[in-house]
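See structure below.
The values are calculated or read from the model by the stated rules, or taken from the named source; none is laboratory data. From a predicted model like this one, the values you see are computed outputs, not experimental measurements. In this analysis, Cβ positions are derived from the backbone assuming ideal geometry, glycine residues included, and neighbour counts consider all displayed protein chains.
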Amino acid sequence: MTSPLFPLEIFLHSGDYYFADRDTRIRTVLGSCVAITFWHPQLRLGGMCHYMLPERGSDRVTHDRPGRYADTAVALQLEEMDAVGTLHQEYQVKLFGGGNMFPETHKNMNTMFQVGSRNVQAARQLAKQHGFTCVAEHLGDIGHRNVIFEVWSGQAWVKHSHILPVFEYEPISRDQQ
């Protein structure tokens with residue numbers, strides 16, 4: 001498929017989601033967050049969600065942006081699919097993100113407290129639960145990602161950047177200045 005002459009460019013911040021037709025390109029930047037792209041190959045429609053946390057805790061404020069949580073972000077995409085009259089299982093998904101943004105801090109930490117790992121688990125579980133065909137994933141590891149998704153072709157690109165090592169600085173006394 002030829003790319004549109006003037007595609008609509010959408011940038012998603014954390015907690016955002018977007019569903020579009022074939023004339024759209026969606027971008028985002030991820031750290032421990034996860035983005036899921038949804039693509040209908042026959043109709044060339046699709047979308048992306050960018051969530052921050054695997055689930056909404058019972059103590060979360062209800063007016064919070066629902067796209068911040070994996071389960072509600074995917075539910076919002078499902079509503080968009082329903083609105084255009086398509087079956088959820090007709091969509092292909094790609095999963096991105098879940099990076100460890102603080103590897104030195106998390107080195108001795110239980111996986112339960114590592115948000116990136118929990119976000120990855122949520123993405124895989126939700127894709128399976130809703131019967132999506134997962135055709136690609138770029139998940140985990142250290143660092144952040146830039147993701148570009150072209151709805152007209154279903155293609156996604158990812159640029160993965162590892163975090164530079166953190167250097168420890170020692171205080172300098174007046175005598176050393």
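Summary of computed values
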{"read-out": "Output for segment 127-144, where each listed residue is at pLDDT 95 or above and not in a loop (DSSP other than H, G, I, E, B)", "value": "Ala127, Lys128, Gln129, Cys134, Val135, Ala136, Glu137, His138, Leu139"}
{"read-out": "Residues of segment 94-124 classified as at pLDDT 95 or above, more than 13 Å from Tyr51 (Cβ to Cβ) and either crowded, with 22+ Cβ neighbours inside 10 Å or out of contact with any Leu (no Cβ under 9 Å at 6 or more places or on another chain) (or both), total", "value": "1"}
{"read-out": "Strands (runs of 3 or more DSSP E) wholly inside segment 1-91 containing at least 1 residues that are free of Cβ contacts under 8 Å to residues at least 60 places away in the same chain", "value": "8-12, 17-20, 34-40, 45-51"}
{"read-out": "Matching option when the condition is under 30 Å from Ser161 (Cβ atoms) and out of contact with any Pro (no Cβ under 9 Å at 6 or more places or on another chain), among Gly98, Gly57", "value": "Gly98"}
{"read-out": "Members of segment 156-167 found to be surrounded by 15 or more Cβ atoms within 10 Å (Cβ to Cβ) and either in a loop (DSSP other than H, G, I, E, B) or modelled with pLDDT under 95 (or both), listed by number", "value": "His160, Ile163"}
{"read-out": "Within segment 24-83, considering residues that are of a type in the set (Asp, Glu) and touching a strand residue (DSSP E or B) at 6+ places or on another chain (Cβ under 7 Å), the one modelled with the highest pLDDT", "value": "Glu80"}
